[in-house]
1. Output yes when any residue across the stretch D:73-90 is out of contact with any strand residue (DSSP E or B) (no Cβ under 7 Å at 6 or more places or on another chain), at pLDDT 95 or above and either within 30 Å of residue D:304 (Cα to Cα) or assigned to a strand (DSSP E or B) (or both), and no when none is.
2. Just checking, does the stretch D:256-273 include any residue being within 9 Å of chain C (Cβ to nearest Cβ), under 30 Å from residue D:130 (Cα atoms), open to solvent by less than 20 Å² (accessible area, probe 1.4 Å) and not aliphatic (A, V, I, L, M)?
3. Please verify whether residue B:193 is without any contact (Cβ under 8 Å) to a residue 12 or more places away in the chain, farther than 30 Å from residue B:108 by Cβ and assigned to a loop (DSSP other than H, G, I, E, B), treating the condition exactly as stated.
4. Examine the stretch B:112-121 for a residue that is part of a helix (DSSP H, G or I), within 14 Å of chain A (Cβ to nearest Cβ) and open to solvent by less than 50 Å² (accessible area, probe 1.4 Å), and state whether such a residue exists.
5. (1) closer than 29 Å to residue A:349 by Cα; (2) crowded, with 20+ Cβ neighbours inside 10 Å; (3) more than 9 Å from chain D (Cβ to nearest Cβ): which one isn't true of residue C:3, the others all being true?
6. Going by the structure shown, is residue A:218 of a type in the set (A, V, I, L, M, F, W, C), within 7 Å of chain B (Cβ to nearest Cβ), surrounded by fewer than 24 Cβ atoms within 10 Å (Cβ to Cβ) and farther than 24 Å from residue A:175 by Cβ?
7. Could you please give the count of residues in the stretch A:24-42 that are in contact (Cβ under 8 Å) with a residue 24 or more places away in the chain and more than 7 Å from chain D (Cβ to nearest Cβ)?
There are 4 protein chains.
Amino acid sequence: MSGNTLGTVFRVTTWGESHGGAIGAVVDGCPPGLPLSEETIQTALDRRKPGGQPFATPRQEADRVEILSGLFEGTTTGTPISLLIRNRDADSSAYENLRNVFRPGHGDYTYFKKYGRRDHRGGGRASGRETAARVAAGVIAAQVTAIVGIEVLAYTKALGGVHIAENRGTVTRESLEQTLFCPDKEAALRMAERLEEARQQGDSLGGIVEILVRGCPAGLGEPVFDKMDADLARALMSIGTVKGVEIGSGFAVADMKGSESNDPLSPDGFLSNSAGGILAGITNGEEIVIRVACKPIPSISRTQQTVDAEGNSTTLSIGGRHDVCVIPRIVPVCEAMVQIVLADHLLRQKAVKL
Amino acid sequence: MSGNTLGTVFRVTTWGESHGGAIGAVVDGCPPGLPLSEETIQTALDRRKPGGQPFATPRQEADRVEILSGLFEGTTTGTPISLLIRNRDADSSAYENLRNVFRPGHGDYTYFKKYGRRDHRGGGRASGRETAARVAAGVIAAQVTAIVGIEVLAYTKALGGVHIAENRGTVTRESLEQTLFCPDKEAALRMAERLEEARQQGDSLGGIVEILVRGCPAGLGEPVFDKMDADLARALMSIGTVKGVEIGSGFAVADMKGSESNDPLSPDGFLSNSAGGILAGITNGEEIVIRVACKPIPSISRTQQTVDAEGNSTTLSIGGRHDVCVIPRIVPVCEAMVQIVLADHLLRQKAVKL
Amino acid sequence: MSGNTLGTVFRVTTWGESHGGAIGAVVDGCPPGLPLSEETIQTALDRRKPGGQPFATPRQEADRVEILSGLFEGTTTGTPISLLIRNRDADSSAYENLRNVFRPGHGDYTYFKKYGRRDHRGGGRASGRETAARVAAGVIAAQVTAIVGIEVLAYTKALGGVHIAENRGTVTRESLEQTLFCPDKEAALRMAERLEEARQQGDSLGGIVEILVRGCPAGLGEPVFDKMDADLARALMSIGTVKGVEIGSGFAVADMKGSESNDPLSPDGFLSNSAGGILAGITNGEEIVIRVACKPIPSISRTQQTVDAEGNSTTLSIGGRHDVCVIPRIVPVCEAMVQIVLADHLLRQKAVKL
Amino acid sequence: MSGNTLGTVFRVTTWGESHGGAIGAVVDGCPPGLPLSEETIQTALDRRKPGGQPFATPRQEADRVEILSGLFEGTTTGTPISLLIRNRDADSSAYENLRNVFRPGHGDYTYFKKYGRRDHRGGGRASGRETAARVAAGVIAAQVTAIVGIEVLAYTKALGGVHIAENRGTVTRESLEQTLFCPDKEAALRMAERLEEARQQGDSLGGIVEILVRGCPAGLGEPVFDKMDADLARALMSIGTVKGVEIGSGFAVADMKGSESNDPLSPDGFLSNSAGGILAGITNGEEIVIRVACKPIPSISRTQQTVDAEGNSTTLSIGGRHDVCVIPRIVPVCEAMVQIVLADHLLRQKAVKL
């Protein structure tokens, strides 16, 4: 059923399969009068591009975005913005042997169970490639949130067992725009070593991305189901690789006392931020802090046990062009998803503020 | 703005403030012909009732539910089911001193920032009391999911620093229906000790709830934004106390390799369940495993630093009737939220299955 | 399936059957800070009350509305407003003979076909009584639209073959608040005669209601599916009795030329209003003009041919308490539906207006 | 705000401006396993193509549709279907003189008021060209409704003052696939004469389209706001040209008695069809009958009085390539909108039917 749209007022619909003709997004509900260009979107796409970082798949996609509607003489018109990205470098022949085999850790089995059939080429709709459309839409969302000065920064917090120290305060756009989107250069080197080891073993790695939102005004988020943290959790968990989402102190709250997890207020603002910028589902004006757990890429060359579509036992070694870790490529996707949720809630709040 | 409705086909809208006239829910989209009675709902409400467990608030609410519509001669009609629970034991005078002061860890400050005003009595809309309406609606959802044999079990996995061992396989409805909804009796005793300690200190505690779904057919969940795990994360994170949600191996995937996190398939099914029953956002027929982190109750009698509505510094010691921990009362709420999401996705899948 | 909610930002959900425990509505998305009281809503309910006008059913319902949530110290809080109206005077025994017979012109047959079962008492969910909840919700919508000075006036344009002359310009709230909500006193007398004749014949009558919206700013309505006229048509056609909706010149445009139907613009505004205040789905600042066709009440005492639930031929003469015409009681319902649509679009426009 | 999506389970989003890069649609929620091809859609597009009928604009658009996703080896996959139609023959220079002038009867003025800016070229988003995307999406909807044997036929009922006699019973797909989609050949000749007269006068004409739905099962449509007739009215009124919608007897019910408008039931079905196939918002298994009033094309070469963006009085004579009447080109659009609504309701009903 229809589940490819996100948002209430600022609405993003994505479409497309990895090896179909194209992928894309329709952004409906963008206010008129915002500056937008294909170049701005292209810059964002290039950040998540294969090959844009070491250890990424060598698949070379031009990933050229085309804005087909909703733009007139350089600014948005208020009508739907349609974004198109052609699939140019899709070599489906490499997937022919996967037509009747379910790859462990992938959606092959579940798509087959759900639909009774599936486009096996490159993961079809479940491919990470779909996230390019999210990044493109996120650029438009960022134009909306920029109006009130919101900035979203995502960076690599852990990869392959290397965790970096708590350093939210010092992370900046500049400090994270380096190897593996990791602001800790020394840790990034060790992460890179782990990636290389895993590649040689035919294996893959998981990690953690932390997302920070700065400049978000207090008052965004809706009781009771459309809470800001609920919508952020949904948006981030909708990224195929994500298996956990936490806000502020996150799972650590389980072992805390109220006197520790409550953030005292002073005339100058909150004195701590265990809440991660959200109280009762509504932003409190502090930095929003979110972490997501990313599972290892399921496509590995190590031999795995599986079954075919007839239920027969078989083994599988996945070749082809695959990343060793979704990090760093997932980092811009996380930023995009958070931007989309914030843009929606910003406009929703405008609707009822008298 | 309107954010009080959950679901696409099976839709739950809740309403009501802690100290208003009543709270309630409207359940729209329930199939006709299902058995339903006030008694069935009442039994579920009694599980989360104050005083239904030790260490809970002594506030005695009858919490009598009334079914006002959608029911005819003992079965559902297919039209909206309206549920009403009167607020009978609401003593608002105890909250008068909170009219102009923001309680740390509560939504007082953010509601004020969002709406410019707030119902300060008992937490208003942000009160945990709202979750009674969710539990009531969850009973109706459970009637829907029971059609295909789905069972949802939630239990206490950690409380006040006491974590119980991995024991999914052995948890049953019977084993968890005891002190603190904890299937490990020895651990439950220690948890109870921690609760008593915290109460004496005027403090509160956090914990972890694990939710298991058994008997769920493969194929539920929608690409790409309405993934099953995304919708579960949103629904659970919309409970005020929850600061983190994870599926299957959850945050542990960050340190795993693909060869570890991939679940091999055999002719007899999956050989492990790191995925927690969901692959690419769609159920795979295995047990669904979810954990949520619950923050300590923010209302504590220990003196806290805060500000009043004019921004002046002040201190606060919260008296009144408050739980020490949202566990165990939150446990039935977690079950309800998962049931609601499953019912919705079950009906959504029916819509497109030819 | 769930189809009992109207609106995107300002959302109204109604529930309840004619002879169940109660009927009601939940209004979600109402801005905070608006004045509201049960008395205001009661006044509106009394306008559509049985017996509030001659020729109406003598069924005496107190129809007392209770506001259960979303209101604090006399103004709205921004959270859902729950409205409850008990069914006090419901005598279901009179309907016992209809349990297995389908009344011509009613939803009996279609509800049975849709749900496989139905609440036969008083029309169940399909009863005109459901519209009381709409009127109550419409009062809240009117509080929203009043902010920008919108006024909605509905009146009787035709009844039982008596049509009144074009007189939009002179209709005022005062002129229509009289017999049959008809601003033409002489016509109202003739309409009353027709009603009496029909009553004596055991028959019923149809009519036309015209709705005028004054003070609506230009710019409300969304391309392309959520056009203002599309949403108005849907909202009005959702009233059970309505079989046609037209805007401005309506069906007369079929025989017009472009040079006649185009409204010329001058520096002082439009020089005519064939468009009825809406161009390309967006309000143009002129008076919005809508007409709806209301079918005769299907419950008549004249003997009718029908079938029972087993498909056997039978005849039926419907006794009990029934109006002869939905007019005048439907007139306040039409006002309410238009107010609800306008409130929603007003808030939607606020969301994106930078 | 976002208003470019129609449907709940079967969802259609259209995008694109008349003179932008392209127009298109995303269809989400289509069941998997349905046959689909670009050729099938192309055939439907050719029916509404400029030049496909006499008296249409000579603008020659290839209007080649491309299916970019959701299709695999000739059948639908269950994922979103993205449809793309490039704008190849768009000559914007002819519109340069309209940049600052509001055309009477068009959305120029209202778009300007709504958005503060507009794409003046060819009507932008308000152009009739947008309906090509609807027709394309309607083909997919028709694949869904064909599963249960639904057929939708629209034809010209009136044009330029020429009305054809009641002849529902005899209309067939073959009888209407001729000049002006009018099954009455003699009337079609007179309509053609009126069109030629109007063209010579530099004027335009209106008309009425009647849509028939055959083979629709009883039970589709949802109480109370998402009634079948309400959703049909909205979908059809969302076509820019439509100023009125009526079902069954429509506005004629105003002058009928209950004994006339009630359709008696017999063991063999309903004995008449004043209801037009819908009772209480739910289909009753009879033929669904809908009529829509289409206003004359607002673009006429006769001189009209208007104002420019600065509010100064001016006159306007619109040259360029314009139809004299939206009929016959609107006829396939009406079919498409009805198919989309029916497909959505068919799937919605499947969701809750146990």
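The values are calculated or read from the model by the stated rules, or taken from the named source; none is laboratory data. Since the model is a prediction, treat every value here as computed from it, not as a measurement. Counting neighbours? That spans all protein chains shown, and the Cβs are built from the backbone with ideal geometry, glycine included. For accessibility, only protein heavy atoms count, side chains too; no ligands or nucleic acids. Shrake-Rupley method; radii C 1.70, N 1.55, O 1.52, S 1.80 Å.
1. Yes: the stretch D:73-90 contains one or more residues that are out of contact with any strand residue (DSSP E or B) (no Cβ under 7 Å at 6 or more places or on another chain), at pLDDT 95 or above and either within 30 Å of residue D:304 (Cα to Cα) or assigned to a strand (DSSP E or B) (or both).
2. no
3. Criteria not met by residue B:193.
4. yes
5. Unmet for residue C:3, out of (1) closer than 29 Å to residue A:349 by Cα; (2) crowded, with 20+ Cβ neighbours inside 10 Å; (3) more than 9 Å from chain D (Cβ to nearest Cβ): (3).
6. yes
7. Looking only at that region, the number is 11.
The rows are residues; the columns are (1) among the aliphatic types (A, V, I, L, M); (2) touching an Asp or Glu at 6+ places or on another chain (Cβ under 9 Å); (3) free of Cβ contacts under 8 Å to residues at least 60 places away in the same chain.
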| residue | (1), (2), (3) |
| --- | --- |
| B:206 | no, yes, no |
| B:223 | no, yes, yes |
| B:258 | no, yes, yes |
| B:267 | no, no, yes |
| B:281 | no, yes, no |
| B:284 | no, yes, no |
| B:301 | no, yes, no |
